[in-house]
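**Student:** Below: one structure in structure tokens.
The values are calculated or read from the model by the stated rules, or taken from the named source; none is laboratory data. Treat the numbers as computed from the prediction; the structure is a model and nothing was measured. No Cβ is skipped: glycine too gets one built from the backbone with ideal geometry, and neighbour counts run over all protein chains shown. Side chains are part of the model used for accessible areas, which takes the heavy atoms of the whole protein and leaves out ligands, DNA and RNA. Shrake-Rupley method; radii C 1.70, N 1.55, O 1.52, S 1.80 Å.
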Amino acid sequence: MSLAIDEASRLADLIRAADSVVALTGAGISVPSGIPDFRSPGTGLWENVDPMEVAHIDVFRSDPERFWHFYAERFHSLEDKRPNRAHDALAQMEQAGLLKAVITQNIDRLHARAGSQELIEVHGTIAHSSCVGCGARYPLAEVRDRQAADPAGVPRCECESALKPDVVLFGEYLPVEAIERAEQLAIGADVLLCIGSSLEVYPVAELPELTLGSGGQIAILTQGPTPFDRRAAVRMRGDVVAELEALLSALEIERPVGDGP
Ligand code: ZN
């Protein structure tokens, strides 16, 4: 038995013994979908611009045309991406009653597309944008159409105000309700399954601490180091898809018939 399978079966045992299992995911789970982790040097979504500078709420407010010039590229780069088998695995675990919720840092909406139901997107989602004037909400496809139709390239509401993506921009506060829900889930989790995250950025960095502090255990499936490695009950460092497929096998959850790669 290889080490990876051994770790997967140990994790499966923890999950079966737990009342509440919560997953916490970061950019690493979407890399197999072709979405680079913009925090990794040289692989960024915006290699030629500083996202801290253009994806900033102050830029959106002062110069929405400039903001949307860059942000439309990001929308475009994410729009055709599909969930991979790691996203699918978490949706299947939820369906099987073995996973209570997914908390994600990702804005790519791939957990939702994979079928995860209880989903907390702490940095928001590109799935919709909202009017800064009247609050009306528009789905992604319509935002794109309105952006294309506007002479300045700024998607606008019926009321003429600019639309803002429902993602947390640099300089913005995190959504309070989502953070509180994530904290409650972490506190109540017997097992917090941390996947594809370096666990270094707030608010995600505090969640493993909350689980450990209330007597739960953490499992970490991430290739790079994290500040919690020494306190993890299970530590898996391989490919995220392979690790989660090994976990599904150990949990004896079958992949649905006809599910593509
Ligand atoms: Zn409006």
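**Student:** For Glu79 and Gln223, what does the FRET efficiency come to when R0 = 30 Å and r is the distance between their Cβ atoms, rounded to the nearest 0.05?
**Tutor:** The calculated FRET efficiency here is 0.70.
**Student:** Which of Ser198, Gln223, Gly188 sits farthest toward the positive end of the charge dipole of the chain, with +1 on the Cβ of Lys and Arg and -1 on the Cβ of Asp and Glu?
**Tutor:** Gln223
**Student:** Pulled fully out, how much extra length does the chain show between Gln95 and Ala205, if you take 0.36 nm times their separation in residues and subtract their Cα-Cα distance?
**Tutor:** Contour length minus the Cα-Cα distance gives 36.9 nm.
**Student:** With +1 on each Lys and Arg Cβ and -1 on each Asp and Glu Cβ, and nothing else charged, work out how big the dipole of region 135-208 is about its Cα centre, in Debye to the nearest 20.
**Tutor:** 240 debye
**Student:** Looking at the chain, what % of its DSSP beta bridges pair antiparallel, to the nearest 5?
**Tutor:** 30 percent
**Student:** State to the nearest 20 debye the size of the charge dipole of region 10-164 about its Cα centre, where the only charges are +1 on K and R beta carbons and -1 on D and E beta carbons.
**Tutor:** Charge dipole of region 10-164: 400 debye, to the nearest 20.
**Student:** To continue, here is another question. Positive end of the dipole of the chain, charges at C-beta (+1 Lys, Arg; -1 Asp, Glu), about the Cα centre: which of Gly34, Gly171, Ala72 has its Cα farthest in that direction?
**Tutor:** Result: Gly34.
**Student:** How are the alpha carbon pair distances in region 160-261 distributed across 10 Å bins from zero to the largest one, expressed in percent?
**Tutor:** Once binned at 10 Å, the Cα pair distances of region 160-261 give 13, 35, 30, 17, 4, 0.
**Student:** In square nanometres, what is one fourth of the surface area of the convex hull spanned by the alpha carbons of the chain?
**Tutor:** 14.5 nm²
**Student:** Can you give the accessible area per residue of the chain, in Å², using a 1.4 Å probe?
**Tutor:** 48 Å²
**Student:** While we're looking at this one, here's another question. Considering only DSSP beta bridges where both residues belong to region 118-261, give the percentage that are antiparallel (nearest 5).
**Tutor:** 50 percent
**Student:** Just to confirm my numbers, what's the Cα centroid distance between region 93-172 and region 192-234 in Å?
**Tutor:** Here the answer is 26 Å between Cα centres.
**Student:** Using only the alpha-carbon atoms, how far is helix 85-95 inclined from the longest principal axis of the chain? Give it as 0 to 90 degrees, nearest 10.
**Tutor:** In the chain, helix 85-95 runs at an angle near 70 degrees to the longest axis.
**Student:** Still on this structure, I have one more. What 222 nm value per residue comes from the helices of the chain, counting each DSSP H run with n ≥ 4 as -39,500 (n - 2.57) and dividing by all residues, nearest 500 deg cm²/dmol?
**Tutor:** Estimated from H runs of four or more residues: -11000 deg cm²/dmol.
**Student:** Here's a follow-up. Mind checking the dipole of the chain: about its Cα centre, +1 per Lys or Arg Cβ, -1 per Asp or Glu Cβ, Debye to the nearest 20?
**Tutor:** It comes to approximately 180 debye.
**Student:** Still on this model: What distance in nm lies between label points placed 7 Å from Cα along the C-beta direction at Arg66 and Glu53?
**Tutor:** Label-label distance for Arg66 and Glu53, simple model: 0.9 nm.
**Student:** Quick one: pull the percent of accessible area on the chain belonging to carbon and sulfur, 1.4 Å probe, ligands and nucleic acids left out.
**Tutor:** 50 percent
**Student:** Could you work out the local net charge near Arg10, counting Lys and Arg as +1, Asp and Glu as -1, over the other residues with Cβ closer than 12 Å to its Cβ?
**Tutor:** Once all neighbours under 12 Å are counted, the net charge is -1.
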